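What follows is a short report on a single structure.
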Amino acid sequence: MASLPYSWSITTTSSPFVTRPSHILINAKRSNRFQVSCEQNQKGSTKSDDTSHGKIDRRNVLLGMGGLYSAANLVSASPAVATPLAAPDFTKCTKGTNLNTSQPLDVDCCPPVATKIIDYKLPPVTKMRFRPAAHLVTEEYVAKYEKAVELMKALPADDPRNFMQQANVHCAYCNLTYEQVGDSDLKIQIHNSWHFYPWHRWYLYFYERILGKLIDDPTFGLPFWNWDNPKGMAMPAMFVKPSSPLFNARRNQNHLPPAVTDLAYSGTTQSVDTTQIISNNLTVMYNEMVRNVQNLEDFYGARYNTGTQPDPGPGTVERGSHAVLHVWVGEATSSGEDMGNFYSCGRESLFFCHHTNVDRLWTIWRDLRGSKTKDFVDSDWLNASYLFYDENAQLVRVKVADTLDQQKMGYEFQKVDTPWLKNRPAASAKKSKIATTTAAPSVDTSTFPVKLDKVVKVLVPRPQKSRSKKDKEKEEELLVIEGIEVDTAKFVKFDVFVNDEDDNPNALDKAEYAGCFSQVPHKNSSLSKTKIRLGLSELLEDLDVEDDEKILISLVPKAGGDDITIGGIKIIYAS
Ligand code: C2O
């Protein structure tokens, strides 16, 4: 954003963190507040363009500062505050509603209410917890972990540290059971947004400390399912022994070991050979961790604050390997319990192993950034807060800012290879001519919205071409697929290809494969509207089509296409 005029008269938040002018909020009463947003209008995905809430668009401000001054006058001299997502009020937890039928859900995941909430301070670290790769653990470790889970299951049912209570923590934060504090019209959903990594990091943190306390081992760390490495791609052995407390019968029986994790899974087990699956997996990981994530938002997910509609947009790992693996593990039914549905996945010990790997991938990604910015500096992110019960059953309020130093959180991961890191896929057709010969319509003449009940091909114009190295370093070229409407109760997935000539939807190990969108089903059926962004700069280099004016985009439905509508596609440049 351009620097502001000196006469800018609004005080910014007193947060210790840098607050960009784009997040200034003048807050008087909820019904009378004005937000200056740097984001484009995203009807349905945020409320920032909703004049009924008194908010105004940044572009209007830039067009005429007078608009803002009069707005400022209206709300008098009240101090500005940020609007990070606030921790939920447990006393207002509801069962959640099936928004399609308006019926309450048949599951109650509301946590016990406590009168006292403690602002959590990370305790001094005396001993580091060690998180091992699940396929490399010793028998002794497994015995310890089993004992801890057994004790957790044996706690009184109303103890917030009890196994089912812990499972319900996840359910409550994802099933739209909490209203947003400060905007009771909207619900809290910590998925499909920039809360994904920090919220799950806290969830694992307390889960691990509860287990460690139960076996009196302050070094106990959760194992990670190393599904990004061929050596760890099968379900880890400790979870599939029927006599173990880590066992869960509600799993897809076709996916028990030695089946290899399919990160491109589409809901039906296909007869793709293992070599192809592994090769696909490594490409998926490379895309999610390297190629598609030049910008923070693309890795973390989109901004989500008080006043934002749920599901503004998931990051690469969240909507890809992470979501797909949930569904791959769960029962082969449409609701996919336990792991394949957000309300029940916390009942599956393998869930925590899965998410410990997601947490590890976050750490790896931050390390890979080197000198580049690793985290948002927005106070709306850093000051966002959540509530959890700690290992002493005390209700604590935690902040995103405290998740960013893993040393201070007191745990480390076993070091293993990251074979995807050097796995930059080659193009299957260099200098493809398909964009000039195709009969596919251009995005401006074809009709959006379009239903993904079949493959949709469309030519998308590039506002800039032949960009210099410097331009590319400054701004990533991004394919934006917006207005993605899905029923949140369904598993849906589609893949995106650029200038793809061979049209083999099972081979993802090529530069033409741009990425995917997939969603883990929820219990609360509702219509969600979201967007994804896919990094194109490196992909177009690899296809050698940087001078082309248009690219051919194929959207290939893989699961639940009937339930996916796409609102539009465009190319933007952003940093
Ligand atoms: Cu909160 Cu993998 O989900």
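Legend: Rg and Dmax of region 170-247, from Cα coordinates, 16.8, 47 Å.
Measuring how big region 301-364 is from its alpha-carbon positions, Rg and Dmax come out at 13.0, 36 Å.
Descending by average beta-carbon neighbour count within 10 Å, the peptides 437-446, 108-117 line up as 108-117, 437-446, the highest first.
For region 102-422, rounded, prolate or oblate, judged on the Cα gyration tensor with a ≥ b ≥ c (square roots of eigenvalues), a/c < 1.5 rounded, else prolate if a/b > b/c? Rounded. As a proxy for reagent exposure, L478, L421, L350, L256 were ordered by neighbouring Cβ count within 10 angstrom, fewest first; the result is L256, L421, L478, L350. Protection proxy ranking of 311-324, 482-495, by the mean of other Cβ atoms within 10 Å over each peptide's residues and highest first, is 311-324, 482-495.
Cβ-Cβ distance of V240 and E546, R₀ of 56 Å, FRET efficiency by 1/(1 + (r/R0)^6): the value works out to about 0.70.
Model label points for K92 and R369, set 7 angstrom from Cα along the Cα-to-Cβ axis, are 3.2 nm apart.
Over 19 Å apart: what share of the alpha carbon pairs of region 246-397 falls there, rounded to a whole percent? Everything past 19 Å amounts to 63 percent.
Which length gain, in nm to one decimal place, applies between A114 and D417 when the Cα-Cα distance is subtracted from 0.36 nm times their residue separation? Don't skip to the answer; put the middle values down first.
Values: separation 303, 0.36 × 303 = 109.08 nm, distance 4.37 nm.
Gain in length upon complete extension: 104.7 nm.
Give me S334, S554 ranked fewest to most by other Cβ atoms within 10 Å of their Cβ, as a rough exposure proxy. Walk me through the numbers before you get to the answer.
Details: S334 13, S554 22.
Going from sparsest to densest Cβ surroundings: S334, S554.
Would you work out the Kirkwood radius for the chain? I mean one over the mean of 1/r across all pairs of different Cα atoms, in Å.
Values: mean 1/r = 0.0406 Å⁻¹.
That comes to 24.6 Å for the chain.
What FRET efficiency, computed as 1/(1 + (r/R0)^6) with R0 = 45 Å and r the Cβ-Cβ distance, is obtained for E485 and D217, rounded to the nearest 0.05? Numbers along the way, then the final one.
Details: r = 47 Å, r/R0 = 1.05.
So the FRET efficiency works out to roughly 0.40.
Using a ≥ b ≥ c from the Cα gyration tensor of region 170-301 (square roots of the eigenvalues), is it rounded, prolate or oblate, where a/c under 1.5 gives rounded and otherwise the larger of a/b and b/c decides, a/b for prolate? Oblate, because a/c is 1.5 or more while a/b does not exceed b/c.
Given the Cα-Cα distance of S466 and Q407 and 0.36 nm per residue of separation, how much length would full extension add, in nm?
Numbers: separation 59, 0.36 × 59 = 21.24 nm, distance 4.33 nm.
Residue separation times 0.36 nm, minus the Cα-Cα distance, leaves 16.9 nm.
Under 1.5 on a/c is rounded, so check that first for region 420-575, then, if it is not, pick prolate when a/b is larger than b/c and oblate when it is not; a ≥ b ≥ c are the square roots of the alpha carbon gyration tensor eigenvalues. It would help to have the intermediate numbers written out before the result.
Working: a/c = 1.61, a/b = 1.57, b/c = 1.02.
Prolate, since a/c reaches 1.5 and a/b exceeds b/c.
For the peptides 163-174, 449-460, the ranking by mean Cβ contacts within 10 Å, running from highest to lowest, is 163-174, 449-460.
Laboratory data are not the source of any read-out in this text; all were calculated from the coordinates shown. Please read all numbers here as calculations on a predicted model, not as lab measurements. For neighbour counting, all protein chains shown are included, and Cβ atoms are generated from backbone atoms with ideal geometry for every residue, glycine included.
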